[in-house]
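Q: To start, I am sharing the structure in question, which I have written as structure tokens.
The values are calculated or read from the model by the stated rules, or taken from the named source; none is laboratory data. Because the structure is a prediction, the values reported are computed rather than measured. Cβ sites come from the backbone with ideal geometry, for glycine too, and all protein chains shown count toward neighbours. Surface areas here come from the heavy atoms of the whole protein model, side chains and all, with no ligands, DNA or RNA. Shrake-Rupley method; radii C 1.70, N 1.55, O 1.52, S 1.80 Å.
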Amino acid sequence: MRHHCGAVLISLPRHAGRSATRALLLLAGLAAAASLRTLIGRPDPAASLPAALLFAGLLSALAAATGVRPARPRIQHLVAGAAAGLALFAVWATVTGSWIVIRPEAPRAELLVWSVVVSLVAVAEEVLLRGALFSAVAAAGGEAAALVATSLAFALIHVPLYGWQAVPVDLGIGFVLGSLRLLSGGVAAPAAAHALLDLLAGCL
Amino acid sequence: MNRRVALALLALPTAALAAVWHALPAASPPLYDGVCLSDPYRLLGHTPAPNAASHVFGPVSDDNFMPSELTSDGTLMVGDPRYENPPQADVLLTTGTLVSPTEPFTLSITPVPSPATLPAGWTLDGNVYRVGAVTSSGVQLQPQSKDPATVLLRATASNPPKTLFVLYGGTWTRLQTVNAGCGDTFEGVSKTFGDFALFDQRAGGPAPPSGGGAPVIPIVVALAVVVALTFGGLLYLNRTPGR
């Protein structure tokens with residue numbers, strides 16, 4: 001039976017061993033892609049647009065190789081994801097105090113390019129993590145294992161860019177995005193939340 | 001999975017995140033992700049020069065001061081060639097950080113030449129910034145110990161990770177330093193004002209030029225091969241029927 005990533009699940013064989021192999025391959029590819037992003041973006045990989053684009057392209061290719069065919073996102077999932085992203089941002093703003101200074105950081109054209117790249121990277125990460133990898137791990141070891149594995153992977157791929165202090169924050173974010181995946185059954189909601197959070201965080 | 005369980009899974013990490021965010025320094029980001037936009041670093045003595053900024057505050061007791069942020073950009077806006085993107089220095093004050101009940105005071109951020117003495121075993125990265133607050137009658141103010149200031153400095157590059165130090169009373173003090181979100185911005189909490197700077201533990205001398213040091217090209221090729229093999233393996237798994 002063939003499922004769709006955006007609506008239910010991706011195409012998965014019944015055999016858990018194949019799913020586990022697929023999950024391991026995806027993790028290996030993810031680790032290699034994150035390392036490539038770090039090396040190619042030197043000396044400041046978090047600020048390299050070409051490295052980010054390469055990373056997004058590699059993740060999309062890996063996800064596509066598993067047979068992921070994202071279904072057309074449903075409006076309600078996108079809205080729910082955006083609402084979750086806004087809610088998380090509001091919690092952050094409340095907890096951390098009155099430090100939010102929304103101000104223009106760059107000329108408009110540069111901001112437009114940045115917004116597109118940031119959104120592409122966020123969506124690519126979600127298609128691979130909460131799409132292909134989540135489905136593979138879920139088929140091999142259940143949804144709880146998928147939630148843990150994808151959240152850990154999300155946190156660890158950011159360590160080369162930001163250091164180990166990124167782990168607790170991104171682990172929590174990963175669990176929230178994974179829960180959105182569980183609730184909605186697809187990647188549209190976590191992708192919307194992820195992209196919105198990245199855009200809001202970048203505008204601070 | 002049951003929706004109630006999933007909703008609980010949504011609420012639990014949100015609560016945990018709130019605790020983590022609360023524990024992190026003031027300017028920590030909501031998540032460590034995305035892509036940072038930044039202009040080239042401005043070194044003191046070069047063109048364009050790094051910015052300085054100051055702001056005058058009215059008299060404040062320890063409970064009527066609003067949380068404030070002063071960046072090295074001051075009030076500069078996009079389009080001004082002096083505009084730094086992002087600001088290279090930033091100081092955050094919360095309620096109670098500074099107390100001057102009767103006099104106004106000026107908070108300032110100024111890039112200054114590197115002091116003659118630097119922390120032993122550490123290499124300076126970027127500019128040294130003097131952060132200070134002085135009342136109209138010339139009294140130097142220091143942060144209250146219960147409400148210290150948060151200082152953010154941008155480094156010339158994110159790698160290797162940097163450590164924030166403050167020079168006060170002739171002594172460099174190492175501050176607990178975390179990445180502030182964009183890869184090259186670091187922050188720490190300080191109970192004193194003084195001269196702030198980022199350092200790394202390179203064994204003397206400036207950073208190697210980009211591309212130097214580790215053999216990057218063979219590693220990049222090896223990683224590309226891993227990605228290609230992984231891609232091929234996934235395709236193979238996808239196209240061969242399961243047992």
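Q: Exactly one condition in (1) within 24 Å of A:Leu36 (Cβ to Cβ); (2) modelled with pLDDT under 95 is false for A:Leu133; which is it?
A: The single condition A:Leu133 does not satisfy is (2).
Q: Still on this structure, please answer the following. Has segment A:146-167 got any residue that is within 19 Å of A:Arg74 (Cα to Cα) and hydroxyl-bearing (Ser, Thr, Tyr)? Spell out the reasoning first.
A: First, pick out the residues of segment A:146-167 that are within 19 Å of A:Arg74 (Cα to Cα): none.
So far as segment A:146-167 goes, no, none of its residues is within 19 Å of A:Arg74 (Cα to Cα) and hydroxyl-bearing (Ser, Thr, Tyr).
Q: State which residue pairs qualify: first residue more than 10 Å from chain A (Cβ to nearest Cβ) and inside segment B:177-190, second residue open to solvent by less than 10 Å² (accessible area, probe 1.4 Å) and small (Gly, Ala, Ser) in any location, beta carbons under 7 Å apart, and separation of 6 or more residues or different chains.
A: Listed by first residue and then by second, the contacts come to B:Ser190/B:Ala149.
Q: Could I ask something else about it? Going residue by residue through segment B:212-233, is there one that turns out to be small (Gly, Ala, Ser), in contact with a Leu (Cβ under 6 Å, 6 or more places away or on another chain) and modelled with pLDDT of 85 or more?
A: Keep residues of segment B:212-233 that are small (Gly, Ala, Ser), which gives B:212-214, B:222, B:224, B:228, B:232-233.
Those left that are additionally in contact with a Leu (Cβ under 6 Å, 6 or more places away or on another chain): B:233.
Filter once more, keeping what is modelled with pLDDT of 85 or more: B:233.
Yes.
Q: Looking at segment B:159-175 only, could you name the residues that are at the interface with chain A (Cβ under 10 Å from one of its Cβ atoms) and surrounded by fewer than 20 Cβ atoms within 10 Å (Cβ to Cβ)?
A: Answer for segment B:159-175, where residues must be at the interface with chain A (Cβ under 10 Å from one of its Cβ atoms) and surrounded by fewer than 20 Cβ atoms within 10 Å (Cβ to Cβ): B:Pro160, B:Pro161.
Q: Within segment B:146-158, does at least one residue satisfy the condition of being open to solvent by 60 Å² or more (accessible area, probe 1.4 Å) and within 14 Å of chain A (Cβ to nearest Cβ)? Break it down into steps so the answer makes sense when it comes.
A: We begin by selecting, within segment B:146-158, every residue open to solvent by 60 Å² or more (accessible area, probe 1.4 Å); these are B:146, B:156.
Cutting the leftovers down to within 14 Å of chain A (Cβ to nearest Cβ) gives us B:156.
Yes, the conditions are met somewhere in segment B:146-158.
Q: If you go through segment B:100-128, how many residues are open to solvent by 40 Å² or more (accessible area, probe 1.4 Å) and either closer than 28 Å to A:Thr96 by Cα or not assigned by TED's automatic domain parsing to the domain that holds B:Trp172 (or both)?
A: Qualifying residue count for the region: 4.
Q: Go through A:Ala139, A:Ala146, A:Ala124 for me and flag whichever is closer than 22 Å to A:Ala188 by Cβ, modelled with pLDDT under 95, more than 9 Å from chain B (Cβ to nearest Cβ) and touching a helix residue (DSSP H, G or I) at 6+ places or on another chain (Cβ under 6 Å). So that I can check it myself, show each step before the final result.
A: Values: A:Ala146 fails: modelled with pLDDT under 95; A:Ala124 fails: modelled with pLDDT under 95.
Answer to the check: A:Ala139.
Q: Scan segment A:183-194 residue by residue and report those that are surrounded by fewer than 24 Cβ atoms within 10 Å (Cβ to Cβ) and assigned to a helix (DSSP H, G or I).
A: A:Leu183 - this is the single residue of segment A:183-194 that is surrounded by fewer than 24 Cβ atoms within 10 Å (Cβ to Cβ) and assigned to a helix (DSSP H, G or I).
Q: Is it fair to say A:Val148 is over 11 Å from the mean Cα position of the chain (by Cα) and buried (at least 24 other Cβ atoms within 10 Å of the Cβ)? Please lay out each step first, then the result.
A: Values: over 11 Å from the mean Cα position of the chain (by Cα): yes; buried (at least 24 other Cβ atoms within 10 Å of the Cβ): no.
Here the answer is no, as A:Val148 does not meet what is asked.
Q: Going through segment A:159-169 one residue at a time, which ones are surrounded by fewer than 24 Cβ atoms within 10 Å (Cβ to Cβ) and at the interface with chain B (Cβ under 8 Å from one of its Cβ atoms)?
A: In the first step, residues of segment A:159-169 are kept if they are surrounded by fewer than 24 Cβ atoms within 10 Å (Cβ to Cβ); the result is A:159-160, A:163-165, A:167-168.
Matches in segment A:159-169: A:Gly163, A:Gln165, A:Pro168.
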